[in-house]
Structures are given as C-alpha cells and as structure tokens.
Amino acid sequence: MSPLTKAFVVLTTLLSIVMVSMTVAHVARTEDYRAKYEVIKGDRDEAVKRAAAAEAAEAIRQAENQEEQSAIARVTSDVEGQLAALQGQIRSKDESIASLQVNLARATSAQDAITKTLAAATTRIDSQNDQITTLISDLAEVSRQKGEAEQALVNAIAARNRYESEVRLLNQRLRALETANIELQQRNDQYAAYIREIGDNPADVEDAANRIRIAGSVTNVDQIGEGLTLVEVNVGTRDGVQAGMPFTVYRGDQYLGTIRITTVDTDKAVGEVTLNHATIRATDSVKTGE
C-alpha cells in the first residue's frame, strides 16, 4: 500500500469517526426521531402517490393530446384537400376573371362608342325638344284661341237658338193675334150687323145673343148650395160674351144642361146652371144658345 493510500484511509477513518460523533450528538439532541421519520416517510409516500397520480394524469393528457393531434391531422388533411379544391376553383375563377376583364374591355370600348352616339342623339333630342316646346306653346295658344272661338260659336249658337225661339214665339203670337184679330173683326162685323138689326129695342138682345155662335169649354164647377151651381167657362168679353147670355153644356153629343152668364171677364165668364140634365164637369163643352 502506498503512503498516499494509507493517508487517504486514515483520513477517511477520521472523517467517519467525526461523522459518527456528530450523528450521535445530533441524535442525542433530537427528540422523537422515529415519529418525525414516520411523518417524513408519510409525506414522502403521499408525494410519491401524488407524483404517480400526476404521472397518470399526464399520461391521459398525452393520450388525449395524441387523439387531438390525430383529429387535427385528419382535419388538416381535409382542409388541405378543400384548400387544393379552392385553389383549383380560384384558378378557374382567375381564368373567368381574365375572360371577364377582356369582355369588360370590349364592353367599355363599345360603351364609349354608345356614349358618344348617345351624346349626339341627346343633342339632337334636346334640339327637337326645344322645337317641340315651341310647337306646344304655339299649340296651346292655338288651342286657347280655338277654345275662345268654340265658346264664341257656342254662345252665338245659343243666342241664335234663343233668337229663333223668340222669333218662333213672336210668330206664333203674331199668327194668334192675326187669327184673333180676324175673329174679332168677324165678330165686330157680326155684332154691327146684329146691332143694326136690333136697333134701339132691348127686347131683341136675347134673340140676338142666341144667334151669335160662341163656343168654349168648362174650366171649373162650383156647387154653392142646393139648387145653386156656378160654372166657369174659358170665354169672355173678348169673345163677345155678355151677361145674361145662355150657354148649352154638352159632352160629345150628350146634352148636359144650360147655364146663364152672370159675371163676365175678359177671357172667362161665370154662369149659373138653369137646367141640369146631367152632372157637369170640367172640360165639358159649351156653346151659345139654349
């Protein structure tokens, strides 16, 4: 054995003795070493259990991570497939866009030409619109003048119709007056002849009245009381009717009775029924004489 080895053995032995001494001294100073050992051992065992549980949980987590990674890998594969399909669609769209751009360029060129043509057409239309506006204004003026002329024509026609109506009425009145004048003249002549015939003898008035032919119709019948009936007729002094004249009342060929005039007006007269053969009504006919 070499001196160096001997020295090392000695040194080791000394160190061992020192360590044993220190351990013995420490143990001598430490109370309930076994209990603390059991506590430390229990803590170690609990730590080991927790470590084992953590290891198991970590294993489960790693397994789940592996499953997630597998699912992610599958999804990634699907996404890559969809991406490849989308890239194909994008390439197709790019080709379509390129084609559309070419068509758009052509359409733009055509649109420019159409725009120029439209501008020229718009200019012509504006000019035509100005002409049309002028024509419409002229037409409105013409329409206004036409309306005034038509209204004037309507007024003239209405005035003419009124004048014609008035002329017809005047002509009718004139003819009626002429007829009445002729009848009056005839009656005057007749009365003059009767007067010359009668002379100054009042007794002949009734006989003369019987020979004067006056005809009319009943306009009203008024029953005043028993035995007194008044009859109104549509002839009067202008027809030659005088108070006291007798009139015969008839309906068609039927004789109804006689009346004697009591009151005379210009165009009507009232007589008292002197003989009543049948009921007298309005519109029955009368004539002079009994």
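So here's what we get for this one:
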quantity	calculated
Any hit, segment 166-177, residues being open to solvent by 70 Å² or more (accessible area, probe 1.4 Å), at pLDDT below 70 and within 20 Å of Gly240 (Cα to Cα)	yes
Residue tally, condition of a type in the set (A, V, I, L, M, F, W, C) and exposed (fewer than 12 other Cβ atoms within 10 Å of the Cβ), over segment 76-97	2
Looking only at segment 263-278, and only at residues there that are part of a loop (DSSP other than H, G, I, E, B) and touching a strand residue (DSSP E or B) at 6+ places or on another chain (Cβ under 9 Å), the one that is least open to solvent (accessible area, probe 1.4 Å)	Ala278
Pair list, Cβ under 8 Å, 6 or more apart: segment 211-231 residue more than 14 Å from Leu275 (Cα to Cα) and assigned to a strand (DSSP E or B), other residue open to solvent by 70 Å² or more (accessible area, probe 1.4 Å) and of a type outside the set (Phe, Trp, Tyr)	Ala215/Lys287; Gly216/Lys287; Ser217/Thr283; Val218/Arg281; Val218/Thr283; Thr219/Lys268; Val221/Arg281
Qualifying residue in segment 209-222 (condition: exposed (fewer than 11 other Cβ atoms within 10 Å of the Cβ) and modelled with pLDDT under 65)	no
Of residues in segment 245-254 being of a type outside the set (Asp, Glu) and surrounded by fewer than 13 Cβ atoms within 10 Å (Cβ to Cβ), the one farthest from Ile224 (Cα to Cα)	Gly252
Top-ranked residue in segment 98-131 [being open to solvent by 80 Å² or more (accessible area, probe 1.4 Å) and aliphatic (A, V, I, L, M); ranked as farthest from the chain's Cα centre (by Cα)]	Leu100
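The values are calculated or read from the model by the stated rules, or taken from the named source; none is laboratory data. As the structure is a computational prediction, the values presented were derived from the model and not from experiment. All Cβ positions, glycine included, derive from the backbone under ideal geometry; neighbour counts span all protein chains shown. Areas reflect the complete protein model, heavy atoms only, side chains present, ligands, DNA and RNA absent. Shrake-Rupley method; radii C 1.70, N 1.55, O 1.52, S 1.80 Å.
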